[in-house]
Amino acid sequence: MDTAPLAAFDDAAVQVVTAVPDERGLELLAALDTHGPVPVEALLTEYEFCERELHARIAELQAAGLVTREDIEARRGYSTTGRASEALARLRA
């Protein structure tokens, strides 16, 4: 398949679009970008993920290079990488 049509898109934006499987995943990524770093406890309560689903989604985003682990007052949390923030800014524009 010809990938020339993708040449019009920013690489980081393509990475986000292809790595995030659905709207809830995009909502999570956008929340981390807007409010991050965010503690795991806050993600579980604010976005109504069960712990297993949240960790699966975070693992997918980490594998794609979009999210990184942060320590927030000795608690585990996550934030977006610079590449993810850049891509989300372009998608928001």
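Values quoted throughout were computed directly from the atomic coordinates according to the rules given, and no laboratory measurement underlies them. Only a predicted model underlies this, so the values are computations on that prediction, with no experimental measurement involved. FYI the Cβ positions are ideal-geometry reconstructions off the backbone, even for glycines, and counts take in every protein chain you see.
Distance between the modelled labels on THR45 and GLU70, one decimal in nanometres: 1.8 nm (7 Å Cα→Cβ projection). Taking all Cα pairs closer than 8 Å and separated by 6 or more residues, the relative contact order of the chain comes to 36 percent.
The dipole here belongs to the chain: it is taken about the Cα centre, uses +1 on the Cβ of Lys and Arg and -1 on the Cβ of Asp and Glu, and is about 140 debye. The modelled label-to-label distance between LEU26 and ARG83, using points 7 Å beyond Cα along the C-beta direction, is 2.0 nm. Largest GNM mean-square fluctuation across ARG52, ARG24, ARG83, computed for the chain with C-alpha springs under 10 Å, falls on ARG52.
Compute the acute angle (0 to 90°) between the alpha-carbon long axis of helix 82-92 and the principal axis of greatest extent of the alpha-carbon atoms of the chain; round to the nearest 10°. Approximately 70 degrees, to the nearest ten. For the chain, the longest principal axis of the Cα atoms and the long axis of helix 23-35 meet at an angle of about 70 degrees. Here's the picture: charge each Lys and Arg Cβ at +1 and each Asp and Glu Cβ at -1 in the chain, and of THR68, CYS50, ALA31 the one pushed furthest to the positive end of that dipole is THR68. On full extension, the segment bounded by GLU53 and ALA93 gains 11.5 nm, given 0.36 nm per residue less the C-alpha separation.
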